[in-house]
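The next block holds one structure in the form of structure tokens; read it before the comments.
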Amino acid sequence: MGGEITKRKRSQDLAAPGGTSPASPERGRNLETNGVLEYAPAPEAIDHVRIAPRQDLFIAGTWREPRAGKYTAAISPSTEEQLAEIAEADERDVDDAVRAAQRAHEKYWSKSRPAERAKYLFRVARAIQEKARELAIVESMNGGKPIKESRDVDVPLAAAHFFYHAGWADKLDLAFAGRAWRPLGVAGQIIPWNFPLLMAAWKVAPALACGNTVVLKPAETTPLTALLLARIVEEAELPPGVVNVVTGAGATGAAVAAHPGVRKVAFTGSTEVGKRLQHAVAGTKKRLTLELGGKAANIVFADAPVDQAIEGIVNGIYFNQGHVCCAGSRLLVEESAHDLVVRKLKDRMALLRVGDPLDKNTDVGAIHSLPQLRKIEELVASGEKEGADRFSVSCALPRAGYWFPPTLFTGVAQSTRIAREEIFGPVLSVLTFRTPEEAVEKANGTMYGLSAGVWTDKGAKLFWMAQRLKAGVVWGNTYNKFDPAAAFGGYKESGFGREGGRQGLSAYVELS
Amino acid sequence: MTTRESSLSRYGSSTRAAPVPIFYPARPPVDQVGVEERAASLAKRSLKKASKVAALRLAVRMMDLTTLEGKDTPGKVRALSRKAAAPLATDATLGFCAAICVYPNLVPVAKRALAGTTVKVASVATAFPSGQSPLDVKLADVRRAVELGADEIDMVIDRGAMLAGEYTRVFEEIAATKEACAGAHLKVILETGELGAYDVVRRASEIAIAAGADFIKTSTGKISPAATPAVTLVMLEAIRDTYVATGRRIGMKPAGGVRTAKQAIHYLVLVKETLGDAWLTPELFRFGASALLNDVLMQLEKERTGVYQAAEDFSKD
Amino acid sequence: MAKAYKMFVGGSFVRSESGRYVQVRGSPAESADPQVVNVPRGSRKDARDAVVAARAAADGWAARTAYNRGQILYRLAEVMESRAGELRASLVRAGVPTRDASREVDVAVDRAVYYAGFCDKFQALLASHNPVSGPHFGFSLVEPMGVVAVVAPARPALLGLVSAVLPVVAGGNVCVVVAGADDPRTAVLWCECLATSDVPGGVVNVLTGEAAEIAPHLAKHREVAALDAWSADRALLVALERDASGSVKRVRTHDETAASRIASDAGQGLGFIETFLETKTVWHPVGT
């Protein structure tokens, strides 16, 4: 099992003090990390968490076997051990779920007082907080992300999303600039594997707050926390059918989107699948929101607070192993600061601790699946072939499981695959620019438009950049910040519709 | 050309034409939220069992046991010296604290009490804690402390000059103090709690380093806030950039406000993940503290025995 | 003297590059027009050229102050009103009863005034300060999408066109419009209003011809960010939606009854602007 980090002895150049010639930052000395103080493994205790070996579908408030009786394995990407068997819902199961949601909508949820709906959602938020530790552990086991992220980011934010949207339920008359609203009905929600619980919260909370009922389809590989959320919904005594969870792969998701009883389809995932979904729902009058891929530029000017920028760059691309749609996967650095930034970045990367997701000191966990690992490897190979310079952190990787060391490429041309395609892994491409105009042009030179980062100490320049970047989220002197009160979503082929904030509510209502 | 002259010209006020030894493209701005976030994130590093014990034992050896009160007496300083020389009566392998830190008048007492040990005697000087005296008075203060036997001098910078933008004056005072130290180790107290912003801390760090500081130190302990993880991180980053550019290793001393073993470990993690393990030595990192030692000893005993300790079991010197 | 009817692209009146035309019949009453006029039948390449013109105008239009855009749209309303007689006659010529035509022109002018006054208001209604949990200042603001393709409703010819186009440009977008096939002459006449107001060339580009021929190219065009499809042709709407999915276009379709409500208050509003705006969320630390 992981958690073991190699001692990285680095050569040091002991020059005489008070250097007499101007030293280029590139010529610098390296810092040693040679084991005066080692962090021993600090595994999160998991003995209090029990994962049921067989997980069924949650339909109409009951746990049900799939009609076809088919189950698939959910495994831990850090150990390759099976965690549970997961039901695979077919069209009949989906039909049951949608009908249950329709009944729940007509019978209870659309008739319930908004303030009552709010209370249910508050209760769910509280229960997530109460079960935070269990949820975090299961999330890390199933998804491979470091426990410090699931503990400090995913789970608290999921609770916050329910808490935030609960409060909207009885204030929707104020939310749409005087326009009348009504719920849409049944929302079919298909979510990805990179933030399994958090994406469920992003989808379910606003839908319920606006009086819709939902059929949630988690990613086939990471259903465990969504199923725990279903348990919470059950324990919070939401009326049966208000939330239904159908597990399965792409076919299950397609069945959810295609069901005529579904009035709204919300999808987070790849641009490729998003396009297929948009094509599929054409002409059905179903409402659709898509949160798709990205290839975000993280733009660093020479006048940036450079040490904080380094943190932002690292957080931007190595957070959640880079399995983040808004990952800052293209570092655009002002040419005059390139050498300095790259040196500092490499020094910082050497400190990243890759390994056991359940170790509290782990910074970078397991790659989510074997196919994803292969895709990353393939793109990294293409980067090498296309002539970019690769730097990967040299650390011991656990034998079992799927791993990829934090990596960056310098000397990347704008036209190469690693600069254009979403890698969805811990791989950063470094490009340079000379002027703010050039930075904007390069940042916008992609089919995606989900997010961007700008690092500069100059306020006017930051706003100038923020205005011109075609991205749904612009982080100025920070990166990868999320909050239920702040709308999130993309421009261009990163999708449409927003999640979070007042703006996110419109995806779940019909306005007149 | 001396290093001092060339360093001075960086601050733009020297009339001497000298090549500017730029070791950094520009003094980088410091973003408060970002640096505090990074510092806080390192508090989440988990050190357990052996690594925790190693860290705490190291912390003991990095301690500048401090008493800086008007009511300090020879008796108090002798007791503190004994504690520094043998922090834990039951465990001789623990070693001893790095230094004790006192006012100049008590340096001879400490020197006598610590004779035969390697515990250093540090003295505050330069009109500590305000620094608001004429330079000749401050330098006399330093010279006397050294004559009285101080191995290390903890000076204060002139914060008034710093905030008034008189960087040359700040620089020159430090350089003159360094000269007055005549071989004694110089720690330069920035009194970060009075500087108001991290940008000023960063600038003051660079001035102190350029003027010849062996250590830079956060605080006198008389002003709140004193040491914080974030301000320490800003100073560590200045030290790192200096090292990378010049090879010079400057020491760091957070002082004031570090009271618990948990905090101490947090600081060690900050050092490890900013400067690397080479700085994890009393030669390059110190804690200025009075209450910290007992909490560290308590935690060490807890680790050794598995039993939570009572505060009364540890001598208050 | 009979007038030649041309499409309006990049601020100029142009023939179709294809050289094709459609014949439009109408009553010549109150007009020097003959019974039959030839109107350009726009092609795929005309659509392409119109997108180029729109793209060229997009940044400048978006960069104008909202106040300035409001004044320009108000100027358009003034021009429309000054040419009300002509617009009315054009509608009558296409078979609209005189009273209805009068009313349609009046409402169209009012609508232009409505959107003129909306140019600097919708931002305040749609933007937000985001009370995020942390030391960050966050806000979400709205921005135009860029080039929007509009398939205008066939009827009402003037009001439909005005109601579809103005919220799009009030939001700071530029557009390429396929005018309704029933009465392209009135559409061209309205373009003359645009040309003599201060709307910069390329902000509104109007093609005449068959929506079924032109619109799919716009729906597929990667430089077109969004599509507003008013058409009674259901098969066309579905095809356009599918075409649009290839570039994740924002699509708004309108059902058959939408055009009939267009003269009422339901035919205008914040929602028509909002549909073609992107929301951008900006975060920044708050510190010293």
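The values are calculated or read from the model by the stated rules, or taken from the named source; none is laboratory data. In this text the structure is predicted, and so the values were computed from the model without any measurement. Counting neighbours? That spans all protein chains shown, and the Cβs are built from the backbone with ideal geometry, glycine included.
Please go through (1) in contact (Cβ under 8 Å) with a residue 40 or more places away in the chain; (2) under 23 Å from the mean Cα position of the chain (by Cα); (3) under 23 Å from residue A:73 (Cβ atoms) for residue A:398 and return the number of the only condition it doesn't satisfy.
Only one criterion in (1) in contact (Cβ under 8 Å) with a residue 40 or more places away in the chain; (2) under 23 Å from the mean Cα position of the chain (by Cα); (3) under 23 Å from residue A:73 (Cβ atoms) is unmet by residue A:398, namely (2).
Going through region B:43-65 one residue at a time, which ones are more than 20 Å from the chain's Cα centre (by Cα) and part of a helix (DSSP H, G or I)?
Selection gives B:49, B:50, B:51, B:52, B:53, B:54.
Could you check region A:282-304 and list, in sequence order, the residues that are within 14 Å of chain B (Cβ to nearest Cβ), in a loop (DSSP other than H, G, I, E, B), in contact (Cβ under 8 Å) with a residue 60 or more places away in the chain and touching a strand residue (DSSP E or B) at 6+ places or on another chain (Cβ under 7 Å)?
A:301, A:304, listed by residue number.
Would you check which residues across region A:470-511 are of a type in the set (A, V, I, L, M), out of contact with any Pro (no Cβ under 6 Å at 6 or more places or on another chain) and facing another protein chain (nearest Cβ under 8 Å) and list them?
Within region A:470-511, A:471, A:473, A:474, A:486, A:487, A:511 qualify.
Just for region C:73-95: of the residues that are of a type in the set (Lys, Arg) and under 22 Å from residue C:116 (Cβ atoms), which one is surrounded by the most Cβ atoms within 10 Å (Cβ to Cβ)?
Top of the filtered list is C:88.
Does residue A:74 count as within 14 Å of chain B (Cβ to nearest Cβ) and in contact with a helix residue (DSSP H, G or I) (Cβ under 8 Å, 6 or more places away or on another chain)?
no
Pick out, from region A:353-449, the strands (runs of 3 or more DSSP E) lying fully within it that include 2 or more residues that are farther than 30 Å from residue A:273 by Cβ.
Here the list reads A:389-392, A:427-433.
Taking region C:225-246, which residues are free of Cβ contacts under 8 Å to residues at least 60 places away in the same chain, at the interface with chain A (Cβ under 8 Å from one of its Cβ atoms) and either within 19 Å of the chain's Cα centre (by Cα) or not in a helix (DSSP H, G or I) (or both)?
Selection gives C:237, C:241, C:244, C:246.
For region B:203-216, check the following and say yes or no: at least one residue is within 25 Å of residue B:102 (Cα to Cα), of a type in the set (D, E, K, R) and over 15 Å from the mean Cα position of the chain (by Cα).
no
Of the residues C:219, C:179, only one is within 14 Å of chain A (Cβ to nearest Cβ) and at pLDDT 95 or above; which?
It is C:219.
Sort through A:103, A:179 and tell me the only one that's part of a loop (DSSP other than H, G, I, E, B) and not aliphatic (A, V, I, L, M).
So the residue among A:103, A:179 that is part of a loop (DSSP other than H, G, I, E, B) and not aliphatic (A, V, I, L, M) is A:179.
How many residues does region A:403-417 contain that are in contact with a Lys or Arg (Cβ under 9 Å, 6 or more places away or on another chain) and buried (at least 19 other Cβ atoms within 10 Å of the Cβ)?
Of the residues in region A:403-417, 5 are in contact with a Lys or Arg (Cβ under 9 Å, 6 or more places away or on another chain) and buried (at least 19 other Cβ atoms within 10 Å of the Cβ).
Please verify whether residue A:334 is under 18 Å from residue A:419 (Cβ atoms) and within 14 Å of chain B (Cβ to nearest Cβ), treating the condition exactly as stated.
The answer is yes for residue A:334.
Considering only region C:23-51, how many residues are crowded, with 17+ Cβ neighbours inside 10 Å and among the hydrophobic types (A, V, I, L, M, F, W, C)?
6
Would you mind stating whether residue A:207 is in contact with a strand residue (DSSP E or B) (Cβ under 8 Å, 6 or more places away or on another chain), within 14 Å of chain B (Cβ to nearest Cβ), buried (at least 24 other Cβ atoms within 10 Å of the Cβ) and not in a strand (DSSP E or B)?
So residue A:207 does not fit the description; no.
Among the residues in region A:138-158, are any within 14 Å of chain C (Cβ to nearest Cβ), under 20 Å from the mean Cα position of the chain (by Cα), buried (at least 24 other Cβ atoms within 10 Å of the Cβ) and modelled with pLDDT of 95 or more?
Checked region A:138-158: at least one residue is within 14 Å of chain C (Cβ to nearest Cβ), under 20 Å from the mean Cα position of the chain (by Cα), buried (at least 24 other Cβ atoms within 10 Å of the Cβ) and modelled with pLDDT of 95 or more.
List the pairs whose first member sits in region B:30-47 and is over 26 Å from residue A:42 (Cα atoms), whose second member is hydroxyl-bearing (Ser, Thr, Tyr), and whose Cβ atoms are under 6 Å apart, counting only residues at least 6 apart or on separate chains?
So the pair list comes out as B:30/B:198; B:32/B:198; B:32/C:288.
Quick one: in region B:273-290, of everything that is touching a Leu at 6+ places or on another chain (Cβ under 6 Å) and not in a helix (DSSP H, G or I), which residue is nearest to residue B:55 (Cα to Cα)?
Among them, the one singled out is B:280.
Run down B:300, B:293 and say which single residue is assigned to a helix (DSSP H, G or I), surrounded by 19 or more Cβ atoms within 10 Å (Cβ to Cβ) and touching a Cys at 6+ places or on another chain (Cβ under 8 Å).
Going through B:300, B:293 in turn, just one is assigned to a helix (DSSP H, G or I), surrounded by 19 or more Cβ atoms within 10 Å (Cβ to Cβ) and touching a Cys at 6+ places or on another chain (Cβ under 8 Å): B:293.
Could you give me the residue pairs with C-beta distances under 8 Å whose first residue belongs to region C:249-266 and is touching a residue at least 24 places away in the same chain (Cβ under 8 Å), whose second residue is surrounded by fewer than 16 Cβ atoms within 10 Å (Cβ to Cβ) and assigned to a helix (DSSP H, G or I) wherever it lies, and which are 6+ apart or on separate chains?
Within 8 Å, the pairs are C:256/C:234.
On the given criteria, is residue C:99 modelled with pLDDT of 95 or more, surrounded by fewer than 16 Cβ atoms within 10 Å (Cβ to Cβ) and either part of a helix (DSSP H, G or I) or not hydrophobic (A, V, I, L, M, F, W, C) (or both)?
The answer is yes for residue C:99.
Please give the number of the condition residue A:250 fails out of (1) within 13 Å of another protein chain (Cβ to nearest Cβ); (2) surrounded by fewer than 23 Cβ atoms within 10 Å (Cβ to Cβ).
Here residue A:250 meets the rest and fails (1).
Scan region C:147-156 and tell me whether some residue there is of a type in the set (Gly, Ala, Ser) and surrounded by fewer than 24 Cβ atoms within 10 Å (Cβ to Cβ).
Checked against the condition, which is being of a type in the set (Gly, Ala, Ser) and surrounded by fewer than 24 Cβ atoms within 10 Å (Cβ to Cβ), region C:147-156 yields at least one hit.
Among the numbered criteria (1) within 13 Å of another protein chain (Cβ to nearest Cβ); (2) surrounded by fewer than 24 Cβ atoms within 10 Å (Cβ to Cβ); (3) part of a loop (DSSP other than H, G, I, E, B), which single criterion is violated by residue A:272?
Unmet condition: (3).
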